[in-house]
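This report refers to the structure that appears directly beneath it.
No value in this document is a laboratory result; all are computed from the given coordinates. Every value quoted in this text rests on a predicted model; they were computed, and no experiment measured them. Reconstructed Cβ throughout: ideal geometry from the backbone, glycine too, with neighbour counts over all protein chains shown.
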Amino acid sequence: MATRHSWRGLRVHGPLCMTIVLMSILTHASGNGQPHQRVAVDAVAGITAMEPDQRDGAPSAIAQPPSQQPSSRPSSRPWQERLREAVDLSDFPKLVELTRKGVDGQKGMAAAALASLATNAESQVAIAKAGGIEPLVTLARSGTSAQKENAARGLWNLAANDDNQAAIAKAGGILPLVDLTRRGSDTQKEHAAAALSNLAVNNTDNQAAIARLGGVKPLVALARRGTDVQKMHASGALWNLAAHVDSQVAIAKAGGIEPLVALARGGTDTQKEYASGALWDLAARADNTLEISKAGGVGPLVTLARSGTDTQKKHASGALWNLAANADNQLAIVKEGGIKPLVALVRSGTDTQKENAVAALSNLATNADNQLAIAKAGGIKPLVALVRRGSTDAQKQKAAVALRNLAAHVDNKAAIATAGGIEPLVTLARGGTDPQKLVAAAVLWSLAADRGNQVAIAKAGGIEPLVALARSGQSAQAQFLGTYARGALSNLAVNAANKKAIVQAGGSFALQGVISNMRE
């Protein structure tokens, strides 16, 4: 319950703007050897949004003079016209053929066209089917500077497709992309980092391959001192890589935690989002939780949980959940004022924010001082509300676990009852999922150590479901469930009326040789 991985859905795409692309690619491409301006249609990272590139002064490419163009042509029309027609018709085989066999200028322009067309799912499939991945990998490995840039952008967009992820890796595309993140131009680094990020989305083979081929160190370097766009793509790639256990170790070893903490503290909104997502996953490893705290990560995560965007709050609360599994980090989170924003998320956050915040509070509540602090911050009422009407089974179960930890403090036993916590716990014990029943029985056991609660639990109809649970089967979970239910019945039986009711409900077996009454 202490740790978890975040869901990784980071995909980055390039916006579709082919009219602008072709006009700019073909302007001045008359074979006179003069540079033409290429308006780069590069993606701005985002899960769903696609926006135009805001960079000024995109790099230029050089058109080949006529003497260097192929002497044999399928028609007398200029190749630029045929390229425009291929783009207009989405003739992917022709574009792929130019990418593979054209002269340098043709290869670069065809690669740029494929990159821009690859911004939708249908085209991503069609380009791969036409054999476009292999020549783009070749250009990324050994093309001219402009060809590498366009090829990396094409692979970036194509890698948004799950099948293409595998195909790019099979074609040897990971290593040249890693090389570009290390030694490429600024734009090549941006595109290559984004491509590696897409390749790593929910693909464990690619995550392992990127780490094995040396991709972690240059991504960490970009996250530390790259341009803003490089930092954004690098932190996104590190987030996706951090889903893999080996990468969690590699990122920390490469010094990746410190720049991610820095981005979580002072980056752009997107950088903060990606960095906090990476820290969430990295904190699934116990060693990393200490390193994150040592790097000053607790403070910025608390700040994001308090006042970040919805996505930042989700990631930050998930990271705090994992960090709070460590006793020293629990103290640091409280010192940074982390309890109040977590309580606020339990009260009014999104479903995932609520689940993460509840789990973080549950971990924090293993500390006796924090049990009182959470209650003082108003944490009991929203937890009770989630047990009663949480929108997911996970919310109900996690909220019940948090109440179980809070109920370890004698003052909180009565407070949970006052907040109306007994009735929804009895409801879970009667009709919840098996894990919910297990937790509900444990909470009722603890609450029943309070004499006032003994009466309240019986009045809420708690005896009958506890007797039923005490008869649980022989599985390990059933044995735990039976133990908790018998413990609760034992505490309830301190009250004479309850003892009689337990016997009448057929629970006399549960009162013989049970665990001694719980008196925390």
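Some observations on this one:
- Shown for region 188-280: lysine pairs separated by 8 or more places, or found on different chains, whose C-alpha atoms are under 14 Å apart, numbering 5.
- Per-selection Kirkwood Rh - region 451-495 (Cα, Å, 1 d.p.): 10.6 Å
- When the alpha carbon gyration tensor of region 259-414 is reduced to an equivalent ellipsoid, its three semi-axes come out at 25, 17, 12 angstrom, largest first.
- Distance in nm between pseudo-label sites at A368 and K101 (7 Å out along the Cβ direction from Cα): 8.1 nm
- Straight Cα distances below 16 angstrom link K170 to the aspartates and glutamates E134, D162, D205, with same-chain residues fewer than 8 positions distant left out.
- Viscosity 0.890 mPa s, temperature 25 °C, Stokes-Einstein D of region 431-520 from Kirkwood C-alpha radius, µm²/s: 197 µm²/s
- Phi-based couplings in Hz for region 91-99 (Karplus 6.51, -1.76, 1.60; Gly and Pro marked x): 7, 5, x, 5, 5, 5, 4, 5, 5
- Calculated diffusion of region 400-456, Stokes-Einstein form, Kirkwood radius summed over Cα pairs, 10 °C and 1.306 mPa s, µm²/s: 146 µm²/s
- Dipole axis of region 431-520 (+1 Lys, Arg; -1 Asp, Glu on Cβ), positive-most option in Q454, Y484, P435: Q454
- Solvent-free Debye calculation, one equal scatterer per alpha-carbon of region 187-337: log10 I(q)/I(0) at 0.11, 0.12, 0.14, 0.19 Å⁻¹ equals -0.35, -0.41, -0.57, -1.04.
- Zone residues, region 148-179, relative to D205, backbone N less than 14 Å from point 7 Å out along Cα-to-Cβ: 162-174
- When peptides 489-499, 354-364 are sorted by average Cβ neighbour count within 10 Å, with the highest value leading, the order is 354-364, 489-499.
- You can think of it this way: the chain between E122 and R212 has 29.3 nm of extra reach, that is 0.36 nm per residue less the Cα-Cα gap.
- Listed values for region 111-122 are Karplus-derived 3J(HN,Hα) couplings in whole Hz (6.51 cos²θ - 1.76 cosθ + 1.60, θ = phi - 60°), namely 5, 5, 5, 4, 4, 6, 6, 7, 8, 10, 4, 4, and x replaces Gly and Pro.
- Taking the Cα atoms of region 370-431, the ratio Rg/Rh between the radius of gyration and the Kirkwood radius comes to 0.94.
- Simple Cβ-charge dipole of region 431-520, Lys/Arg +1 and Asp/Glu -1, about Cα centre, in debye nearest 20: 220 debye
- If R0 is taken as 35 Å, the Cβ-Cβ distance between D91 and R265 corresponds to a FRET efficiency of 0.10.
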